[in-house]
Amino acid sequence: MYRLKEIILWFEWILVIIFGLCFGSFANVIITRVPHRQSIFCPPSHCEKCQTSLQPHHLIPLFSYLLLFGRCAFCHQRISWIYPFTECCIMILACISFYFYSFSVNTILIFLFFTSFFIATLIDAFHQEVHAEILFFVLLLSCIFLYFNSEFFLNSLIEPLAIIGFICLLSIFLQAILHKKVIGEGDIVVLAATAILINNLYLFNLILLSSSCLALIWLLIKKQQKIALLPFLFFPTFYLFFGQSQ
């Protein structure tokens, strides 16, 4: 009986890993096409260099990259590292979500939340732009998660909404003083989603403090006028959320 349970558990983990890699492959399509306003459904997957349509065996997540030694099967140009990186990261997200929540509604919600957040983070990092559709989906997922995990849903929204209200007022004040936008609308939506998901003032303050420090250090190192904020929000949120879930 114990042996059977062990086999089932291994089978579940294999399914989670395969699902994570496949979802990571789909995430790559979103990351590469959405910033260029391209459809995520057509044309079919193709090499970015020679535009040749890929065969089914070229689309196996991660393994096709390894078997081709990171090069296109047709033009032999190097394939961007971002493809296997994204697939591995989202596979890890799937495994962590499953580890903490097993097979449940929470697993799906948390996996989709951090996957969507990760996609938005990469788009922001590479293109310094955010897409409302992805961010509002992240916000919706955080609200659904709170609804399923709170006895008093509306009462639980009061503190996060108060925090976001303060951030909005601060953004307006800074814009009036500095005559330029300091906090973008997309950043505020992500902060709202994070505040609702964490639903803990102390942890949310830690996220703000750590992300601000990381962003400041990056500014000093790179000496840039403008930076992508989402990467500095994603990692503290991820760490503190699963830290409090233990």
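Any read-out appearing in this document is the output of simple, stated calculations on the displayed coordinates, not a laboratory observation. All figures in this text were calculated on a predicted structure; none of them were measured in a lab. Ideal geometry is used to build each Cβ from the backbone, glycine not excepted, and the neighbour counts take in all protein chains shown.
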To the nearest 0.05, the calculated FRET efficiency linking L4 and S150 through their beta-carbon distance, R0 being 35 Å, is 0.40
Extension gain from L66 to T52, taking 0.36 nm per residue of separation minus the Cα-Cα distance: 3.1 nm
Separation in nanometres of the label points that stand 7 Å from Cα toward Cβ, at S45 and E12: 2.8
Additional length obtainable on full extension of the chain from I188 to L161, 0.36 nm per residue less Cα span: 8.6 nm
Evaluated over region 1-103, the Cα radius of gyration and Dmax, each in Å: 16.2, 54
Looking only at L178, L141, L191, which one moves most when the chain is put into a Gaussian network model with springs between Cα atoms under 10 Å? L178
Considering Cα pairs under 8 angstrom that are at least six residues apart, work out the relative contact order of the chain and quote it in whole percent. 17
Which whole-angstrom value gives the distance between the alpha carbon centres of region 29-52 and region 73-88? 14
Anyone know which of I188, I30, I158 comes out most mobile in the 10 Å Cα GNM of the chain? I158
Given H placed 1.01 Å from N in the peptide plane, which residues other than close sequence neighbours of R71 have an amide H under 5 Å from its amide H? I79
Count neighbours as other Cβ atoms within 10 Å of each site's Cβ, and list the trypsin sites (Lys or Arg not before Pro) in region 1-82 that are DSSP loop with at most 10 such neighbours. R37
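Mind checking the full-extension length gain between V29 and N106? Use 0.36 nm per residue of separation minus the Cα-Cα distance, one decimal, nm. Let's see the in-between values first.
Numbers: separation 77, 0.36 × 77 = 27.72 nm, distance 2.53 nm.
Extra length from V29 to N106 when fully extended: 25.2 nm.
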